[in-house]
């Protein structure tokens, strides 16, 4: 496609407009022959610093909000138009796959991955095309526009054209909303799960965090909303939203029977029998079911199809051996960890809870003390260890967590995560539950510049065997 056709609203000279473009990207390292490089502003540097590198990898032109002398043409546009143009170009170059899909956007602090995965799985169980994009499929929770639209097109190509509905559920992070990564997308349904302490290293205050999240719930981005209203921020959002809203509450599930094998409840008068475990998964299931209902699915069919929906990797995932139950979960916020441990307590039938967790380096430091308090208050034994320390000292992170632990609690520190898991299993007796929190589905651990193979589920099975 010629550049002038790709950016049809931008004025440029004839020679530049005739340049053939085959790809759009914002990462100079990912450029290849025929790429249009967008020099986006960043936290630490402006993308103009990488235009020459992009050219060396094959970029044929660049788009920037500031002039820059380079060996390839640089099209200068107003900074206020840069994100919208990036989204338009990214979508157009791959054929606007979003036009053929019903998009579901899910935002919130906890539950985004679970709800998007459940929406996709439930759609498939109903006989629809269903997929999700987010933490489990891409490096970023919400990819930047070029990667996002390539993922949407790749997903569209896998769908069966004979099916009546094609649904893609997308995790929408607050960073993505703030950085314009979902510009140009129109969601059929947008959903809000909850809001609690996280990412305040980026957003500074909870009010700013909420304001950014609420941007998704406007007619510019969404046609209708499904909002969890047992959360005070959700209730506030539902009251202020200008688009049609479906409010969801835990009370929507009646006669709930829970065990470590699964959950049974009634929803809108229909029996739901699911292998999902834990109260927060009841909440996630309610959200997913209401989203599918908003997309036009029959209530009775939704309820029956939940029997074919499987648990989400690394979310209350259970490993068993020798009378010991190990729960692996991604809980990495104070509220998420509290809900996880409350669910485990309710389902553990009097056994002890031994919790192993840490906090990620180069991330929100203010939550570390809170998580230490939550774990030590809600567990008989807490073992504080490493998560993904990244560039920070693992021991310094552990020190911060332990500062928040209850003085009378039984708290151990073991920097090596495998050793910490081994110690938890050694201490566990029949009937106890060992909780491995924070990493969930992740298969690596980042220590400094080193990325190590590490999966809590694999390690737990190896040690139990």
From (1) on the phi < 0 side of the Ramachandran plot; (2) under 19 Å from the mean Cα position of the chain (by Cα), pick out the condition that doesn't hold for residue 180.
-> (1)
Among residues of segment 366-397 being over 18 Å from residue 340 (Cα atoms), at pLDDT 95 or above and under 23 Å from the mean Cα position of the chain (by Cα), the residue surrounded by the fewest Cβ atoms within 10 Å (Cβ to Cβ) is 391
Residue tally, condition part of a loop (DSSP other than H, G, I, E, B), buried (at least 18 other Cβ atoms within 10 Å of the Cβ) and in contact with a strand residue (DSSP E or B) (Cβ under 9 Å, 6 or more places away or on another chain), over segment 398-443 = 8
Among the numbered criteria (1) exposed (fewer than 15 other Cβ atoms within 10 Å of the Cβ); (2) part of a helix (DSSP H, G or I); (3) modelled with pLDDT under 95, which single criterion is violated by residue 154?
-> (3)
Is it the case that some residue within segment 275-284 is surrounded by fewer than 20 Cβ atoms within 10 Å (Cβ to Cβ) and either farther than 30 Å from residue 319 by Cα or outside the structural domain of residue 181 (by TED's automatic domain parsing) (or both)?
-> no
Of the conditions (1) in contact (Cβ under 8 Å) with a residue 40 or more places away in the chain; (2) surrounded by 20 or more Cβ atoms within 10 Å (Cβ to Cβ); (3) over 13 Å from residue 280 (Cα atoms), residue 303 clears all except one; give me its number.
-> (1)
Check whether at least one residue in segment 143-151 is under 24 Å from residue 365 (Cα atoms), under 14 Å from the mean Cα position of the chain (by Cα) and part of a loop (DSSP other than H, G, I, E, B), and report yes or no.
-> no
Would a scan of segment 78-88 turn up a residue that is buried (at least 17 other Cβ atoms within 10 Å of the Cβ), in contact with a helix residue (DSSP H, G or I) (Cβ under 7 Å, 6 or more places away or on another chain), under 29 Å from residue 166 (Cβ atoms) and not assigned by TED's automatic domain parsing to the domain that holds residue 169?
-> yes
Within segment 189-205, can you find the residues that are assigned to a loop (DSSP other than H, G, I, E, B) and within 27 Å of residue 296 (Cα to Cα)?
-> 193, 194
Among the candidates 62, 84, which residue alone is part of a strand (DSSP E or B) and touching a residue at least 12 places away in the same chain (Cβ under 8 Å)?
-> 62
Residue list for segment 16-37, restricted to those being assigned to a strand (DSSP E or B) and closer than 14 Å to residue 150 by Cβ | 23, 24, 25, 35, 36
Got at least one residue in segment 26-46 being at pLDDT below 95 and in contact with a strand residue (DSSP E or B) (Cβ under 9 Å, 6 or more places away or on another chain)?
-> yes
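The values are calculated or read from the model by the stated rules, or taken from the named source; none is laboratory data. Predicted, not measured: the structure shown is a model, and the values here were computed from it. Please note: Cβ atoms are built from the backbone with ideal geometry, for glycine as well, and neighbour counts cover all protein chains shown.
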